[in-house]
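The values are calculated or read from the model by the stated rules, or taken from the named source; none is laboratory data. In this text, all values refer to a predicted model and were calculated from it rather than measured experimentally. Every residue, glycine among them, receives a Cβ derived from its backbone with ideal geometry; neighbour counts consider all protein chains shown. Heads up: the accessible areas ignore ligands, DNA and RNA and are worked out on the full protein's heavy atoms, side chains in. Shrake-Rupley method; radii C 1.70, N 1.55, O 1.52, S 1.80 Å.
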Amino acid sequence: MPFPTPDDTAETYWNGFYRSLDRSVDSPPGPNALLVEEVGPLSPGTALDLGCGFGGDAIWLATQGWRVTAVDVSGAALERAGEYAARADVAERIDWQRHDLTATFPAGTHDLVCAQFLHSPMERPGQRDAILRRALDAVAPGGSLLVTGHTGIPDSMKDTPFDVHLPTTTELRAALRPDPAVWSTVTERAATREATGPDGRSFTHRDMMLRLVRTQAYA
Ligand SMILES: C[S@@+](CC[C@H](N)C(=O)[O-])C[C@H]1O[C@@H](n2cnc3c(N)ncnc32)[C@H](O)[C@@H]1O
């Protein structure tokens, strides 16, 4: 990943990142395994995907019967995600919206609000927590907030621009402060997965997953 320049905003940084990716690899990314594992057993409803990138998760959700609002700061990513959704024949089930989530947030409430690896080298301290606290308000009664994220950068990727804090589930729950009268934690765990870097070396990703369910509406 490129390092941000002093003039970059989140939008210019991520547009530059997505436009730099090899267009010859022109197939939609698959969904994140943790999302599939956690959401697969749920009954479809409405979903909001925060930081959707090329739309792998949003498209998978739509193919499972969810009606999806998918958000990203990068218009370049959303344009490509829209093409992939059309090819998967789920375009009418996904509303793509461009937001810088540090500034604006989509309207409405949803049965599932999810954020998979919503990490950014442009992130300022506290911004991700604030987005995810706002996300709690977007969960409908009986619905879920699902967050997956990295908890560490593998040694073989130490030259990435990510010098932001990558919280554990305990740290994230402390930042979100979910009211125990309203929220119950149904899944909270660490996960590791093996991957192969661009240099062919294998490394281990250390990830986390937290799912909170809104057991009742706020008064
Ligand atoms: C590490 S990527 C993860 C993409 C996708 N969720 C996945 O799991 O492959 C982070 C995504 O968040 C988006 N993003 C970063 N900061 C954002 C912000 N402030 N508002 C909206 N989207 C943002 C980026 O454009 C990027 O698509």
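Quick notes
- Residue satisfying all of: in region 45-67; surrounded by fewer than 19 Cβ atoms within 10 Å (Cβ to Cβ) and touching a residue at least 40 places away in the same chain (Cβ under 8 Å); farthest from the ligand (Cβ to nearest atom) among these: Gly45
- Flag for Pro2 being surrounded by fewer than 17 Cβ atoms within 10 Å (Cβ to Cβ), touching a residue at least 24 places away in the same chain (Cβ under 8 Å) and within 14 Å of the chain's Cα centre (by Cα): no
- Restricting the first member to region 25-37 and to residues that are more than 10 Å from the ligand (Cβ to nearest atom), and the second to residues that are β-branched (Val, Ile, Thr), the beta-carbon pairs closer than 8 Å and six or more apart or on different chains are Pro28/Ile59.
- Selection status of Gly40, within 25 Å of Ala10 (Cβ to Cβ) and open to solvent by less than 50 Å² (accessible area, probe 1.4 Å): no
- Residues in region 131-190 that are of a type in the set (Val, Ile, Thr), outside any helix (DSSP H, G or I) and over 29 Å from Ala107 (Cβ atoms): 4 in all.
- Single residue of Ala140, Ala77, Ala135, Ala70 found to be in contact (Cβ under 8 Å) with a residue 24 or more places away in the chain, among the small types (Gly, Ala, Ser), buried (at least 20 other Cβ atoms within 10 Å of the Cβ) and more than 10 Å from the ligand (Cβ to nearest atom): Ala135
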